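**Q** Structure in structure tokens, see below.
The values are calculated or read from the model by the stated rules, or taken from the named source; none is laboratory data. What you see is a predicted model; the values in this text were computed from it and never measured. Cβ sites come from the backbone with ideal geometry, for glycine too, and all protein chains shown count toward neighbours.
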2 protein chains.
Amino acid sequence: MIDPASGVPAWRQLADDLRRRVAAGEWSPGARLPSESRLMQETGLGRTTVRRAIAALRAQGVVEVQHGWGTRVPQAREVERIVAEPGSVVTTRMPTPAERATFDVPDGVPMLVVIGPDGIADAYPGDRAQVDIL
Amino acid sequence: MIDPASGVPAWRQLADDLRRRVAAGEWSPGARLPSESRLMQETGLGRTTVRRAIAALRAQGVVEVQHGWGTRVPQAREVERIVAEPGSVVTTRMPTPAERATFDVPDGVPMLVVIGPDGIADAYPGDRAQVDIL
DNA sequence: TATAATTTGTGCGTATGTATA
DNA sequence: TTATACATACGCACAAATTAT
């Protein structure tokens with residue numbers, strides 16, 4: 001799984017792998033991800049490397065870490081995670097009055113706009129969505 | 001170049017190829033891309049298929065098309081195109097007062113926030129930036 | 001000014017494969 | 001299984017815009 005000769009840092013390979021598995025729904029929200037020790041065993045990596053991967057995922061909001069308990073996918077996921085295909089373009093703008101009405105977007109919240117490879121644009125309220133690039 | 005047996009529609013393969021070549025700077029802004037007829041010759045595709053690929057790129061702002069002249073990379077590119085690495089997360093929010101000052105962001109313009117695979121976040125004014133996923 | 005060549009815009013019909021009812 | 005709908009892809013013809021001769 002982790003390829004030391006690929007040129008990609010090991011912590012990044014592990015983070016990428018975990019991010020993909022979270023996006024695939026391997027762990028339901030609230031469920032515990034493998035512990036640091038377990039990840040060390042499964043991957044053969046050191047603790048520093050494993051922790052660095054998890055730190056990156058925490059910063060991205062992909063996982064939550066609770067001291068003494070473990071790592072989990074955020075429970076009530078207030079943000080929808082949109083997986084952007086290669087060939088997409090992501091922009092942002094303020095919502096139109098129509099979008100404010102249909103999505104019930106609060107004042108001061110921008111929209112995330114994903115223009116797919118087919119040129120079709122989808123807009124999501126910025127307080128409830130984020131785009132994952134896998 | 002275009003592989004009919006790949007399962008990916010031919011127009012999408014062509015669009016992806018052209019998008020990558022534009023991002024690589026193969027055509028400087030204002031320069032003319034190959035005409036529809038040329039792309040038909042080079043790829044062996046029909047005109048409908050070639051035009052569909054270009055339509056997708058137009059919708060994404062990757063190219064501009066001028067009737068009777070041709071297709072070009074937008075001249076004065078008012079938006080900065082950020083290429084997002086796999087493993088990144090894209091969100092949006094309104095700028096902080098500090099960002100408004102340093103970037104000179106007009107009222108009502110949100111920020112595009114790219115959190116890299118390393119967990120480091122970069123924010124760009126939404127009216128001057130968009131994220132490409134290659 | 002006029003003409004021709006090139007290029008994109010638009011509309012038509014046809015065929016094939018795939019997903020859905 | 002059949003029928004329907006949709007996406008993809010091809011070919012053709014003509015209109016409109018641009019540029020060079």
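**Q** So, B:R81, is that one under 23 Å from A:R93 (Cα atoms) and either within 16 Å of DNA strand D (Cβ to nearest atom) or among the basic types (K, R) (or both) or not? I'd like the intermediate steps shown before the answer.
**A** Working: under 23 Å from A:R93 (Cα atoms): yes; either within 16 Å of DNA strand D (Cβ to nearest atom) or among the basic types (K, R) (or both): yes.
Spelling it out, B:R81 is indeed under 23 Å from A:R93 (Cα atoms) and either within 16 Å of DNA strand D (Cβ to nearest atom) or among the basic types (K, R) (or both).
**Q** Scan the range A:59-66 and tell me whether some residue there is in contact with a strand residue (DSSP E or B) (Cβ under 6 Å, 6 or more places away or on another chain), in contact (Cβ under 8 Å) with a residue 12 or more places away in the chain and polar (S, T, N, Q).
**A** At the first step, the residues of the range A:59-66 found to be in contact with a strand residue (DSSP E or B) (Cβ under 6 Å, 6 or more places away or on another chain) are A:60, A:63-65.
Narrowing the set further to residues that are in contact (Cβ under 8 Å) with a residue 12 or more places away in the chain leaves A:60, A:63.
Next cut, polar (S, T, N, Q) only: A:60.
Scanning the range A:59-66 turns up at least one residue that is in contact with a strand residue (DSSP E or B) (Cβ under 6 Å, 6 or more places away or on another chain), in contact (Cβ under 8 Å) with a residue 12 or more places away in the chain and polar (S, T, N, Q).
**Q** Mind checking which residues of the range A:14-53 are part of a helix (DSSP H, G or I), of a type in the set (G, A, S) and under 29 Å from A:E80 (Cβ atoms)?
**A** Scanning the range A:14-53 gives A:A15, A:A23, A:A53.
**Q** I want to confirm something. Restricting to the range B:72-89 and keeping residues that are part of a loop (DSSP other than H, G, I, E, B) and among the hydrophobic types (A, V, I, L, M, F, W, C), which single residue is nearest to A:A84 (Cα to Cα)?
**A** It comes out as B:A84.
**Q** Follow-up. Can you tell me which residues in the range B:55-71 are assigned to a loop (DSSP other than H, G, I, E, B) and either polar (S, T, N, Q) or within 8 Å of DNA strand C (Cβ to nearest atom) (or both)?
**A** Those that are assigned to a loop (DSSP other than H, G, I, E, B) and either polar (S, T, N, Q) or within 8 Å of DNA strand C (Cβ to nearest atom) (or both): B:Q60, B:H67, B:G68, B:W69.
**Q** Looking at (1) at pLDDT below 85; (2) within 14 Å of another protein chain (Cβ to nearest Cβ), which is the only condition A:S28 fails?
**A** Among (1) at pLDDT below 85; (2) within 14 Å of another protein chain (Cβ to nearest Cβ), the lone unmet condition for A:S28 is (2).
**Q** Check off (1) assigned to a loop (DSSP other than H, G, I, E, B); (2) more than 11 Å from DNA strand C (Cβ to nearest atom); (3) modelled with pLDDT of 90 or more for B:W11 and give me the number that stays unchecked.
**A** Only one criterion is unmet by B:W11, namely (1).
**Q** Then there's this: Do we have any residue at all in the range B:92-111 that's under 26 Å from B:A24 (Cα atoms), at the interface with chain A (Cβ under 7 Å from one of its Cβ atoms), surrounded by 17 or more Cβ atoms within 10 Å (Cβ to Cβ) and in contact with a Gly (Cβ under 8 Å, 6 or more places away or on another chain)?
**A** If we filter the range B:92-111 for residues that are under 26 Å from B:A24 (Cα atoms), which is where we start, we get B:111.
Next, from what is left, pick out any that are at the interface with chain A (Cβ under 7 Å from one of its Cβ atoms): none.
No.
**Q** Same structure again: Please work out if B:Q66 is farther than 30 Å from A:M94 by Cα, within 16 Å of DNA strand D (Cβ to nearest atom) and outside the structural domain of B:D122 (by TED's automatic domain parsing). Spell out the reasoning first.
**A** Numbers: farther than 30 Å from A:M94 by Cα: no; within 16 Å of DNA strand D (Cβ to nearest atom): yes; outside the structural domain of B:D122 (by TED's automatic domain parsing): yes.
Answer is no for this residue.
**Q** Still on this structure, please answer the following. Within the range B:69-78, how many residues are out of contact with any Lys or Arg (no Cβ under 7 Å at 6 or more places or on another chain) and within 10 Å of DNA strand D (Cβ to nearest atom)?
**A** Final tally of qualifying residues: 1.
**Q** Scan the range B:16-38 for residues that are farther than 14 Å from B:R72 by Cα and not polar (S, T, N, Q) and jot them down.
**A** Of everything in the range B:16-38, those that are farther than 14 Å from B:R72 by Cα and not polar (S, T, N, Q) turn out to be B:D16, B:D17, B:R20, B:A24, B:R38.
**Q** Name every residue in the range B:19-54 that is in contact with a strand residue (DSSP E or B) (Cβ under 9 Å, 6 or more places away or on another chain), without any contact (Cβ under 8 Å) to a residue 60 or more places away in the chain and either among the basic types (K, R) or within 13 Å of DNA strand C (Cβ to nearest atom) (or both), in order of residue number.
**A** Result: B:W27, B:A31, B:R32, B:L33, B:P34, B:S35, B:E36, B:I54.
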